[in-house]
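Bear in mind these aren't lab numbers, they're just calculated from the coordinates by the rules spelled out. If you're wondering where the values come from, they're calculated on a predicted model, not measured in any experiment. All Cβ positions, glycine included, derive from the backbone under ideal geometry; neighbour counts span all protein chains shown.
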Amino acid sequence: MLKWFSIALLLSCSWRLTLAQAPALDTFTSPDGTFRFVYPQTYDLLIGERMLKGTQGRHVGIPVCDFSTAMACVIYPVETPDETNFEAAGFSVRTVAGVTVESECLTYTDLQQSPEDHFELSRVAINDRVYLHASIKKTVPGHSQAADFYRTFDNHKCYELQIGVSAADEPGTRKAAQIKSPGEAKAESARESLKLILSSVVFEQ
């Protein structure tokens with residue numbers, strides 16, 4: 001309990017530095033009590049039936065949360081006018097269906113469409129647990145998304161934490177959206193804020 005309080009306090013301080021004032025925080029705990037995380041009350045938490053009714057941002061071409069599989073989804077609030085091509089950002093947690101072997105989970109075998117597919121993987125420690133991280137770019141006509149996946153295997157289940165940031169192509173051009181371009185400071189701010197939620201995830205031992 002003391003450790004969890006310390007994490008929440010550190011996050012509150014981090015959001016104070018990021019957003020100029022510390023937001024009120026809520027805690028989400030999975031129905032089976034396996035994991036939990038904290039998030040600002042001003043962000044939209046989508047669970048259960050709200051998965052089907054909630055909106056993910058503005059003119060979203062690629063969803064930042066998979067509503068068919070996510071256990072919980074936190075949507076970053078989009079309050080700015082349409083002056084940038086930033087569309088949406090979200091943090092979600094899901095269990096990967098059909099993956100019950102640790103090696104398949106941590107090598108992202110289920111996402112490989114062909115033998116040539118491979119992902120650059122790195123180990124990331126979050127609250128005493130090691131995750132395998134992969135970055136994936138997704139594109140559809142007019143839109144692109146930068147997605148970061150963090151996987152861990154617990155009690156015969158493959159858990160996947162995801163941060164997705166979506167953007168539209170630049171108006172009047174064929175140039176694909178560059179989410180990390182200098183003009184997309186809002187997208188980068190959203191990603192960094194969602195990383196704070198990621199850093200609060202704790203699995204019960």
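Miscellaneous remarks
- Using a Förster distance of 22 Å, the FRET efficiency for ALA22-ARG123 (Cβ separation, nearest 0.05): 0.10
- Summed side-chain charge close to GLU204 - residues other than GLU204 whose Cβ falls under 10 Å, Lys, Arg +1, Asp, Glu -1: -1
- Packing here is the average count of other Cβ atoms within 10 Å per residue, and on that basis the peptides 88-95, 154-161, highest first, run 88-95, 154-161.
- Label point at THR100 placed 7 Å out along Cα→Cβ; residues across segment 136-167 whose backbone nitrogen lies under 11 Å: 156-157
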